[in-house]
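To keep things clear, I will list the structure first and then write my remarks on it.
The values are calculated or read from the model by the stated rules, or taken from the named source; none is laboratory data. What you see is a predicted model, and the numbers here were worked out from it, not measured in a lab. Ideal geometry is used to build each Cβ from the backbone, glycine not excepted, and the neighbour counts take in all protein chains shown.
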Amino acid sequence: MRSKWWSLVLLLPLPLPGEERDPFQPAEDRCQVAQLTQWRYGGAIGSPEQWIGILQDSAGKWRRVRVNETLAAGWKISLLTAEKIEITTGPGCDPRHWRWLREEKKDAMDKPVISVAAGGRGGKKRAADISGG
């Protein structure tokens with residue numbers, strides 16, 4: 001009886017059959033939520049009945065997306081308007097939902113113009129101008 005008990009104790013530290021994971025490598029991100037911060041929403045075209053969203057992925061590629069379309073890692077477009085887009089990341093993923101607002105970038109021509117009359121010579125004063133030299 002004692003020999004059976006000792007043989008059982010000796011077998012306990014052995015690993016169970018299955019896939020081993022390298023403890024020095026980061027855990028696999030099956031949901032790929034780390035990429036979410038790298039995606040950008042450029043807006044939408046179409047009508048409220050059928051919006052087509054313009055979404056830039058983490059690789060910089062622009063994609064056309066629609067509501068209920070499935071993206072990488074099982075993400076699904078759950079809401080799409082001209083101002084925002086929301087995805088559902090999938091079961092077991094955190095966060096469950098992710099939302100982007102449309103980015104508004106202004107072109108150079110939209111920047112305020114410094115007029116000659118308002119700015120004197122049309123620019124900032126240099127240190128030499130202020131010191132009198």
query: Pick from segment 58-94 the residues that are of a type outside the set (A, V, I, L, M, F, W, C), at pLDDT below 90 and surrounded by 12 or more Cβ atoms within 10 Å (Cβ to Cβ): which of them is farthest from Arg30 (Cα to Cα)?
result: Ser58
- prompt: What number goes with the only condition from (1) touching a residue at least 12 places away in the same chain (Cβ under 8 Å); (2) at negative phi that Thr70 does not pass?
  reply: (1)
- request: Considering only segment 56-99, give the strands (runs of 3 or more DSSP E) lying wholly within it that have at least 1 residues that are closer than 14 Å to Trp39 by Cβ and of a type in the set (S, T, N, Q).
  value: none
